[in-house]
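Chemist: Here it is, the structure in full.
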Amino acid sequence: MKEVLTNPTAGYYMNRDVFGQTGDFITSPEISQMFGELIAVWLVNEWTKCGRPTPFQIAELGPGRGTLMADILRVFSKFKIAGSDFSVSLVEVSPYLAQVQEKQLSPRQAQEATKLPQGSQHYKQSISFYGSQVRWYNHIADLPRTFTLFLAHEFFDALPIHKLVKVDQGWREVLIDLNREDLTLRFVISRDRTPACLYRLDNESREELEVSPQSLIITQAMAARIHQDGGIGLVIDYGHEGDKTDTFRGFKNHKLHDPLVDPGTADLTVDVDFSALKWAATHPRTFEDWKANLTFGTVDQKDFLTRVGINLRLEQLLASCRDEDVALNLKSAHKMLTDPMEMGSKFKFLALYPSVMEKILERYPPPGFV
Ligand code: SAH
């Protein structure tokens with residue numbers, strides 16, 4: 001999965017725009033500006049709860065076309081949060097998508113790595129339309145140490161998984177093998193235990209499951225930063241609470257696609273195991289003396305968006321709209337984002353907070369989650 005999606009030369013994400021009508025799938029920020037605007041208002045609210053610390057950074061993992069971040073920056077400027085108060089940090093492996101993000105967010109040509117000062121953790125930098133620094137990173141571990149608003153929308157579903165099955169002898173891993181006769185790919189069960197079988201499986205009642213060590217490591221890194229430097233995390237994706245078994249699939253031209261056919265030409269994805277992310281966010285990898293972070297959710301997208309005011313925002317936009325087609329688009333976007341039969345209940349929201357905020361959150365719980 002890692003190789004097919006992010007191989008430097010042939011990886012699915014590395015050299016093309018995969019989103020929208022002409023691509024393979026469409027995501028919520030691409031459907032309507034309302035999505036990013038409501039998330040931005042939520043972030044401003046929660047940052048205010050923390051005492052409006054500056055300077056801070058907004059760090060987005062896997063920003064795609066940069067549309068969500070563009071909507072967020074516009075709202076931050078409406079709230080008069082100065083561009084100099086914060087920086088934007090984008091964790092992106094795809095050089096092609098980093099270029100698309102740069103065009104979306106900043107009027108100037110970004111400085112490529114060659115021109116950056118020696119020892120820079122980022123590989124590219126620019127200044128946004130609103131005056132904040134924008135920097136691109138390969139890994140979450142490279143981000144600057146400061147108060148951080150973390151965002152991950154449709155990021156974790158792209159991270160590689162191991163698939164495990166229970167057989168008579170115990171847990172085994174499902175591997176991918178070559179059919180000698182016709183050189184096609186096929187699934188096989190490992191003869192013996194593999195390192196992935198060391199995953200915590202003691203109280204597991206499922207007969208098969210998917211585990212994503214990379215997702216756990218990234219979540220632990222985010223949780224450690226939130227604890228040490230202050231911050232909040234918002235993770236949005238399709239997923240489950242540790243009860244699904246077999247969700248690995250491909251998408252091509254908006255249709256399901258066999259992941260073993262023509263690898264590299266289709267998106268590969270899995271449902272995110274939010275119970276595993278919550279476990280990682282509250283179980284530090286090192287034995288540092290830190291209390292567990294707090295997690296809220298998951299809640300369905302429909303509930304989150306309705307509670308933070310998507311109906312009001314739709315009314316406002318319709319009231320100032322003179323074009324009938326635009327009005328129709330707004331209404332259909334609202335339906336697509338919130339209808340349980342569309343994205344409303346498939347997508348889930350999870351929030352992370354440092355444990356020092358426990359008392360404040362008891363009094364003022366995170367909007368959208370209650
Ligand atoms: N958040 C965007 C894009 C989702 S697609 C949206 O909702 O529209 C997944 C994004 O994650 C892409 O930008 C892809 O290039 C990036 N990505 C995938 N694997 C990654 C990895 N291991 N590290 C950093 N970015 C990754």
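Chemist: Do the conditions hold for residue 73, that is, is it within 14 Å of the ligand (Cβ to nearest atom) and open to solvent by less than 10 Å² (accessible area, probe 1.4 Å)?
Modeler: In short, no.
Chemist: Which condition number in (1) farther than 30 Å from residue 226 by Cβ; (2) modelled with pLDDT under 95 is the one that residue 339 fails?
Modeler: Here residue 339 meets the rest and fails (2).
Chemist: Scanning the range 192-211 for residues that are surrounded by 15 or more Cβ atoms within 10 Å (Cβ to Cβ) and aliphatic (A, V, I, L, M), which turns out nearest to residue 244 (Cα to Cα)?
Modeler: Per the stated criteria, the residue is 209.
Chemist: Filter the range 98-153 down to the residues that are in a loop (DSSP other than H, G, I, E, B) and of a type in the set (Val, Ile, Thr) and list them by number.
Modeler: 146
Chemist: Of all residues in the range 11-35, count the ones that are within 13 Å of the ligand (Cβ to nearest atom) and part of a loop (DSSP other than H, G, I, E, B).
Modeler: Residues in the range 11-35 being within 13 Å of the ligand (Cβ to nearest atom) and part of a loop (DSSP other than H, G, I, E, B): 14 in total.
Chemist: Continuing with this model, one more query. Among the residues that make up the range 36-48, is at least one of them buried (at least 19 other Cβ atoms within 10 Å of the Cβ), within 14 Å of the ligand (Cβ to nearest atom), of a type outside the set (Gly, Ala, Ser) and assigned by the TED database to the domain that holds residue 98?
Modeler: Scanning the range 36-48 turns up at least one residue that is buried (at least 19 other Cβ atoms within 10 Å of the Cβ), within 14 Å of the ligand (Cβ to nearest atom), of a type outside the set (Gly, Ala, Ser) and assigned by the TED database to the domain that holds residue 98.
Chemist: Let me ask something additional. Taking the condition assigned to a loop (DSSP other than H, G, I, E, B), modelled with pLDDT of 95 or more and under 23 Å from residue 14 (Cβ atoms), does residue 160 pass?
Modeler: yes
Chemist: In the range 60-83, what residues are in contact (Cβ under 8 Å) with a residue 24 or more places away in the chain and part of a loop (DSSP other than H, G, I, E, B)?
Modeler: Within the range 60-83, 62, 63, 64, 65, 66, 79, 81, 82 meet the criteria.
Chemist: Oh, and also: Pick from 8, 95, 55: which is open to solvent by 60 Å² or more (accessible area, probe 1.4 Å), more than 16 Å from the ligand (Cβ to nearest atom) and of a type outside the set (A, V, I, L, M, F, W, C)?
Modeler: The unique qualifying residue is 55.
Chemist: Tell me, yes or no, whether the range 100-113 has at least one residue that is open to solvent by 10 Å² or more (accessible area, probe 1.4 Å), within 30 Å of residue 356 (Cα to Cα) and either under 23 Å from the mean Cα position of the chain (by Cα) or within 13 Å of the ligand (Cβ to nearest atom) (or both).
Modeler: No.
Chemist: Tell me which of these residue 141 doesn't satisfy, since it passes every other one: (1) in contact with a strand residue (DSSP E or B) (Cβ under 8 Å, 6 or more places away or on another chain); (2) within 13 Å of the ligand (Cβ to nearest atom); (3) on the phi < 0 side of the Ramachandran plot.
Modeler: The one condition residue 141 does not meet is (1).
Chemist: Cβ-Cβ below 7 Å, separation at least six or inter-chain, first residue in the range 321-346 and free of Cβ contacts under 8 Å to residues at least 40 places away in the same chain, second part of a helix (DSSP H, G or I) and of a type in the set (A, V, I, L, M): which pairs?
Modeler: 321/327; 321/330; 327/318; 338/305; 338/310; 342/336
The values are calculated or read from the model by the stated rules, or taken from the named source; none is laboratory data. The structure presented is a predicted model; accordingly, all values stated were derived computationally and were not measured. Every residue, glycine as well, gets a Cβ built from its backbone with ideal geometry; the counts of neighbours run over all protein chains shown. The protein model used for the area step is the full one, side chains on, heavy atoms only, and it has no ligands, DNA or RNA in it. Shrake-Rupley method; radii C 1.70, N 1.55, O 1.52, S 1.80 Å.
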